[in-house]
Amino acid sequence: MNFRNLLLTSVTLACVALPVAAMADTADKKIALSNNYAGNSWRQAMLTSWEKVTGEAVKSGVVAAADPFTTSENQATEQAAQIQNMILQGYNAIVIDAASPTALNGAIKEACDAGIVVVSFDGIVTEPCAWRIAVDFKGMGESQVEYLAKKIPAGGNLLEIRGLAGVSVDDEISAGIHAGVAKYPQFKIVGSVHGDWAQDVAQKAVAGILPSLPEIAAVVTQGGDGYGAAQAFEAAKRPTPTIVMGNRQDELVWWKKQKDASKYETMSVSIAPGVSTLAFWVAQQILNGKTVKKDLVVPFLKINQDNLEANLANTPSGGVANVDYSLADTQKVIADSK
């Protein structure tokens, strides 16, 4: 074998030996996470997923940095200022869970004009230059009422627990629930409170409205509020209705206990917190020159009576049932969207 062939063979073997991610042209790129809120278990799990997956990516040289930042208040003005600081700090991409679909558009346009890739997820934005990774939140809300229509064909009164006021996710899930009620008019929403996707807030809100409500057949929720609702009904010594859960570990534990004791039946649904890791890899792939559709849709994670135990076994104490995305997972999502 001559020297030229030996050199080509050596290069070929080296390329085969290197993982795909290590060959990425993003080793010097910096990605930031802009998060508007961290006051519940879902957001904490989301940040944990981000740090775990991006930490490995930085360690292996895929990117130079993947720094997370969370605002102290859920205010669009504060998050806009945070994004402007990221522009000045020289980040190549910003991944954002937005406080508002529209109020951050000015800051996001500034980032795009500076050549920065912006990928929004969960709380997505409407600025055309940004990418969006969304769950069908309206469908998620409607699926709750569809489940109840099968479980309680006669219908009944519903208590709606909403999420964080002013956030697009809250509006979309609520719109889906109301669309479901319009489709199944045997159900009637007789009360609505904001639980901020947090068990303690939901418990206080439900406890406050329960004395004014008639008999409740079911509680429709948004996640992080099911266990708090159950506690409020128990404290008020009222019959426990069917409470739709949101994949939080304390909700699943409570559900399992009720199932074992009385065959209590419900469902649980939420977006996987690990969607932040999908957004990271999408940003990395765009920086690496890949063509990615502006709008990607990922499925929500549903738990039912049959797979409750399996999901509970894989959910950490105080956490949320979750799926983290790998580079290969992300590449498949991108390919399937074309």
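The values are calculated or read from the model by the stated rules, or taken from the named source; none is laboratory data. A quick note: this is a predicted structure, and the numbers were derived from the prediction, not measured. For neighbour counting, all protein chains shown are included, and Cβ atoms are generated from backbone atoms with ideal geometry for every residue, glycine included. Keep in mind that these areas ignore ligands, DNA and RNA; they rest on the heavy atoms of the full protein, side chains included. Shrake-Rupley method; radii C 1.70, N 1.55, O 1.52, S 1.80 Å.
Descriptive notes on the structure:
- Taking the range 140-163 as the range and being in contact with a strand residue (DSSP E or B) (Cβ under 7 Å, 6 or more places away or on another chain) and of a type in the set (A, V, I, L, M, F, W, C) as the test, the residues that pass are M140, V145, L148, I152, L158, L159, I161.
- From the list I243, I216, the one residue that fits, being in contact (Cβ under 8 Å) with a residue 12 or more places away in the chain and surrounded by fewer than 23 Cβ atoms within 10 Å (Cβ to Cβ), is I216.
- Criterion (of a type in the set (S, T, Y) and either at positive phi or open to solvent by less than 10 Å² (accessible area, probe 1.4 Å) (or both)) met by exactly one of S120, S100: S120
- K263 vs. criteria modelled with pLDDT of 95 or more, surrounded by fewer than 16 Cβ atoms within 10 Å (Cβ to Cβ) and at positive phi: yes
- The range 163-210 - residue that is among the charged types (D, E, K, R) and in contact with a Lys or Arg (Cβ under 7 Å, 6 or more places away or on another chain) and, of those, least open to solvent (accessible area, probe 1.4 Å): D170
- Some residue of the range 139-146 being crowded, with 17+ Cβ neighbours inside 10 Å and within 21 Å of G166 (Cβ to Cβ): yes
- Test: I271 is out of contact with any Asp or Glu (no Cβ under 9 Å at 6 or more places or on another chain), open to solvent by less than 60 Å² (accessible area, probe 1.4 Å) and of a type in the set (A, V, I, L, M, F, W, C): no
- Condition met for K332 (open to solvent by 50 Å² or more (accessible area, probe 1.4 Å), of a type in the set (K, R) and touching a residue at least 60 places away in the same chain (Cβ under 8 Å)): no
- So K150, is it free of Cβ contacts under 8 Å to residues at least 12 places away in the same chain, surrounded by fewer than 23 Cβ atoms within 10 Å (Cβ to Cβ) and not hydroxyl-bearing (S, T, Y): yes
- Single residue of the range 170-197 satisfying the filter (in contact with a Phe, Trp or Tyr (Cβ under 9 Å, 6 or more places away or on another chain) and among the aliphatic types (A, V, I, L, M)) that is farthest from Q249 (Cα to Cα): V181
- Applying a threshold of 7 Å to beta carbon distances and a minimum spacing of six or more residues, or different chains, the list of pairs starting in the range 52-71 at a residue that is in a strand (DSSP E or B) and ending at one that is modelled with pLDDT under 95 and open to solvent by 20 Å² or more (accessible area, probe 1.4 Å) reads T70/A38.
- Residue match in the range 279-294 (condition: closer than 21 Å to I124 by Cβ, touching a Phe, Trp or Tyr at 6+ places or on another chain (Cβ under 6 Å) and surrounded by fewer than 20 Cβ atoms within 10 Å (Cβ to Cβ)): yes
- Residues that are under 13 Å from V253 (Cβ atoms), open to solvent by 50 Å² or more (accessible area, probe 1.4 Å) and under 17 Å from the mean Cα position of the chain (by Cα) within the range 317-329 comprise just one, G318.
- Selection within the range 78-97 - surrounded by fewer than 15 Cβ atoms within 10 Å (Cβ to Cβ) and among the charged types (D, E, K, R): E78
- From the list Q75, Q44, the lone residue that is within 14 Å of the chain's Cα centre (by Cα), of a type in the set (S, T, N, Q), at pLDDT below 95 and open to solvent by 70 Å² or more (accessible area, probe 1.4 Å) is Q44.
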